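The values are calculated or read from the model by the stated rules, or taken from the named source; none is laboratory data. Remember, it's a predicted structure, so these values are computed and weren't measured experimentally. Don't worry about glycine lacking a Cβ; one is built from the backbone with ideal geometry, like all the others, and counts go over all protein chains shown.
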Amino acid sequence: MRTELYLTARYLRARPVPALALALSLALSAALPLISSRLAREFERALTERARSTPLLAGPAGSRFDLTLAALYFRSSNLPPVDLALAERLGAEPGLLAVGIETSHRARGVPIVAVAREYFDCRGLRARSGRLPNWVGECVLGARAARRLGLGPGGKLFSDTEHLLDLTKPPALELTVSGILAPSGGPDDEVILADLETAWAIAGLSHAHVDPSAGLAPGQLLGQAPSGDLVLSGAFLPDASISAENRPRFHRHGSAEQLPLTAVLLFPRDAKVATLIEQRINARGPEQIVRPAQVVAELLADVLRIKRLADWLSWLLGATTLALALSIARLGVELRAEEALTLAKLGAGAGVGWRLHACYWGAILGAASLLAAALYALAAALCSDPTRLL
Amino acid sequence: MSAPASADPALVSARGVELHQGAGRFVLEVPELELGAGDLVGLEGPSGTGKSTLLAALCGLLVPESGELSVLGLDLRRARTAERQGLLRERLSVLFQDLILLDYLGVSENALLPARLAGPQRLAAARRELPDWLERLGLSARASAPPRRLSGGERQRAALVRALLDPRPLVLLDEPTSSLDPVLAERALEALLGCCAARGAALLLVSHDPRILGRLPARLATRPLGPGRARLERSHP
């Protein structure tokens with residue numbers, strides 16, 4: 001057998017490409033159904049877990065899928081915002097905890113999720129290093145987001161601005177990283193979390209600037225409105241960063257009740273409170289309350305239908321690959337018949353041809369198994385939080 | 001009929017042997033054949049008269065239909081397959097007309113293959129001898145080249161190195177110099193005869209080349225007897 005192993009090694013060295021292609025196709029055929037099955041299972045588990053941990057969700061009327069995906073999994077959406085007043089009204093209900101959330105901003109492409117302080121307790125989030133944000137302008141990074149951004153406590157980053165050349169829009173705001181969250185295995189790992197005030201500061205709804213009455217540069221004051229408000233030039237820019245020095249000067253114009261939120265997470269004391277508030281808000285409108293667990297179940301039903309189709313295609317691919325491999329094996333027997341005859345003419349024992357084929361296919365199947373295991377492990381590692389696939 | 005008498009017991013002994021090829025479409029009669037240690041015998045004859053058939057029978061690859069055929073003490077008519085394979089693997093040096101080199105091995109690896117099949121000790125000894133043989137047959141620079149990159153003559157010399165590298169008592173060669181120019185053929189023959197003399201091995205060499213056959217002290221020939229039938233006879237230069 002030693003000679004057969006030696007000859008197989010030499011044969012593979014002389015013809016590595018067909019052997020690798022064969023091993024890779026077998027590995028993919030074996031791994032793909034397993035990976036898709038595992039992913040679907042993990043995806044379902046993670047999605048359901050997250051949804052179950054949020055009993056109710058209040059938001060604008062419209063797609064309940066968009067609302068749930070935006071508020072729970074931080075996907076972009078085109079839903080209009082709801083007012084802070086909704087959160088305050090719901091928070092005033094007995095037996096109901098309302099947590100406002102705002103997800104419309106990004107920094108270096110990473111979503112900025114601005115939340116009320118209670119959010120961290122509701123999600124069981126704690127800082128692995130540094131601390132949770134205490135001040136406007138501070139943020140805490142999810143574990144994966146911190147790796148992606150390469151930042152730690154004390155680090156700085158600017159919010160993304162969609163209006164780079166429009167001076168009438170708010171400039172990017174510099175955020176200070178106050179800490180890094182411990183990994184949670186959920187969507188919170190992927191985002192930047194900050195206080196709601198910070199989101200409104202990014203949107204320009206609260207800002208700081210020098211006191212106009214204390215003196216302006218020539219040309220900055222354009223006039224005074226009949227209401228008494230000063231009309232300032234576009235060159236008069238608000239502060240682009242928040243520090244202990246300018247923090248007291250941060251202020252808002254207009255009504256606080258109209259400040260925007262993406263949604264309000266609701267944690268009712270019991271099922272009765274949940275049912276009552278759900279019925280009342282949904283009957284009155286224009287806002288809606290949805291049950292994320294139900295929404296996700298509907299979503300998963302569609303996803304699982306597609307998954308069943310993908311499974312069927314995977315098995316078909318596997319069967320085709322197996323048939324091809326069997327054809328290749330049969331062709332190999334024919335192509336290497338002369339080699340077996342040569343070895344027989346040199347006195348190799350009976351069945352040397354079959355032993356050579358067995359060694360070759362042993363090597364191919366061994367390599368394919370290792371590749372399949374590596375692919376499976378890689379897929380499992382890459383998809384530790386499958387909600388990222390959303 | 002026998003090759004020149006030898007004092008040693010016969011390495012090859014055949015009496016009244018009939019060899020059938022192609023389900024009896026061709027029959028070679030071997031009335032008598034004896035080869036002793038150190039015998040150097042040429043075998044000639046027209047194409048298709050059974051020279052390669054005789055070599056195949058002496059290698060144990062073709063079992064005689066009748067008569068007695070013994071090679072190195074093994075009765076080839078009665079021997080089991082494994083015994084015949086053992087004889088071929090460990091005690092015979094053979095060069096087949098079609099050379100049968102493995103295309104994914106280099107010259108050196110092809111040359112070492114019989115010794116590898118014979119066991120680790122024989123392989124180790126063959127490895128030591130290999131550079132000298134490659135040098136003698138002008139293949140040192142082509143040691144790692146696969147057969148597809150060799151000329152016809154180089155392939156033939158590679159097969160000759162493979163046949164001679166591992167010392168064995170009986171050497172059977174089918175047209176070992178047919179693709180070589182006269183100079184190389186002479187060089188190969190010198191190496192071959194020197195090797196047989198040094199080892200005391202018996203040689204049966206098939207050739208159509210009178211110069212090659214003329215260098216061997218004894219000669220046999222296959223003579224056609226009619227369609228599909230031939231006989232092995234003693235031949236005189």
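Of the strands (runs of 3 or more DSSP E) entirely within the stretch B:1-117, those holding at least 1 residues that are more than 14 Å from chain A (Cβ to nearest Cβ) occupy B:10-21, B:26-36, B:40-44, B:66-71.
What about residue A:48, is it in contact (Cβ under 8 Å) with a residue 40 or more places away in the chain and within 12 Å of chain B (Cβ to nearest Cβ)? So residue A:48 fails the test. Scanning the stretch B:118-154 for residues that are in a loop (DSSP other than H, G, I, E, B) and more than 14 Å from chain A (Cβ to nearest Cβ) yields B:137, B:138, B:139, B:143, B:150, B:151. Is it true that residue A:75 is assigned by TED's automatic domain parsing to the domain that holds residue A:269, over 18 Å from the mean Cα position of the chain (by Cα) and more than 30 Å from residue A:352 (Cβ to Cβ)? So residue A:75 does not fit the description; no.
Could you tell me whether residue A:342 is among the polar types (S, T, N, Q), assigned to a helix (DSSP H, G or I) and without any contact (Cβ under 8 Å) to a residue 24 or more places away in the chain? So residue A:342 passes the test.
For the stretch B:155-184, how many residues are out of contact with any Pro (no Cβ under 8 Å at 6 or more places or on another chain), assigned to a loop (DSSP other than H, G, I, E, B) and within 12 Å of another protein chain (Cβ to nearest Cβ)? The total comes to 1. Does residue A:361 satisfy the condition of being surrounded by fewer than 13 Cβ atoms within 10 Å (Cβ to Cβ) and in a helix (DSSP H, G or I)? Answer is no for this residue. Contact map, the stretch A:4-17: residues that are touching a residue at least 40 places away in the same chain (Cβ under 8 Å) paired with residues that are outside any helix (DSSP H, G or I), Cβ distance under 6 Å, separation 6+ or inter-chain. Pairs shown: A:11/B:104. What strands (runs of 3 or more DSSP E) lie completely within the stretch A:227-318 and have 1 or more residues being farther than 23 Å from residue A:117 by Cα and at pLDDT below 75? Because the criterion is at least 1 residues that are farther than 23 Å from residue A:117 by Cα and at pLDDT below 75, the strands (runs of 3 or more DSSP E) in the stretch A:227-318 that meet it are A:230-232.
What number of residues within the stretch A:95-112 satisfy the criterion of being farther than 20 Å from residue A:52 by Cα and either exposed (fewer than 15 other Cβ atoms within 10 Å of the Cβ) or in contact with an Asp or Glu (Cβ under 8 Å, 6 or more places away or on another chain) (or both)?
7
The one condition from (1) surrounded by 17 or more Cβ atoms within 10 Å (Cβ to Cβ); (2) within 11 Å of chain B (Cβ to nearest Cβ); (3) in a helix (DSSP H, G or I) that residue A:372 does not meet is (2).
Mind checking which residues of the stretch B:161-189 are more than 22 Å from residue B:92 (Cβ to Cβ) and either in contact with a helix residue (DSSP H, G or I) (Cβ under 9 Å, 6 or more places away or on another chain) or of a type in the set (Asp, Glu) (or both)?
Within the stretch B:161-189, the subset more than 22 Å from residue B:92 (Cβ to Cβ) is B:179-187.
Residues satisfying the conditions are B:179, B:180, B:181, B:182, B:184, B:185, B:186, B:187.
Scanning the stretch A:18-35 for residues that are within 14 Å of chain B (Cβ to nearest Cβ) and free of Cβ contacts under 8 Å to residues at least 60 places away in the same chain returns a single hit, A:18. The single condition from (1) surrounded by fewer than 21 Cβ atoms within 10 Å (Cβ to Cβ); (2) in contact with a strand residue (DSSP E or B) (Cβ under 8 Å, 6 or more places away or on another chain); (3) closer than 22 Å to residue A:276 by Cα that residue A:85 fails is (2). The residue list A:10, A:38 contains one member that is assigned to a helix (DSSP H, G or I), of a type in the set (Lys, Arg) and away from chain B (no Cβ under 14 Å), which is A:38.
Pairs under 6 Å by beta carbon, first residue farther than 22 Å from residue A:11 by Cβ in the stretch B:105-134, partner at pLDDT 90 or above, six or more apart or different chains? Qualifying pairs under 6 Å: B:122/B:115; B:133/B:161; B:134/B:140; B:134/B:143.
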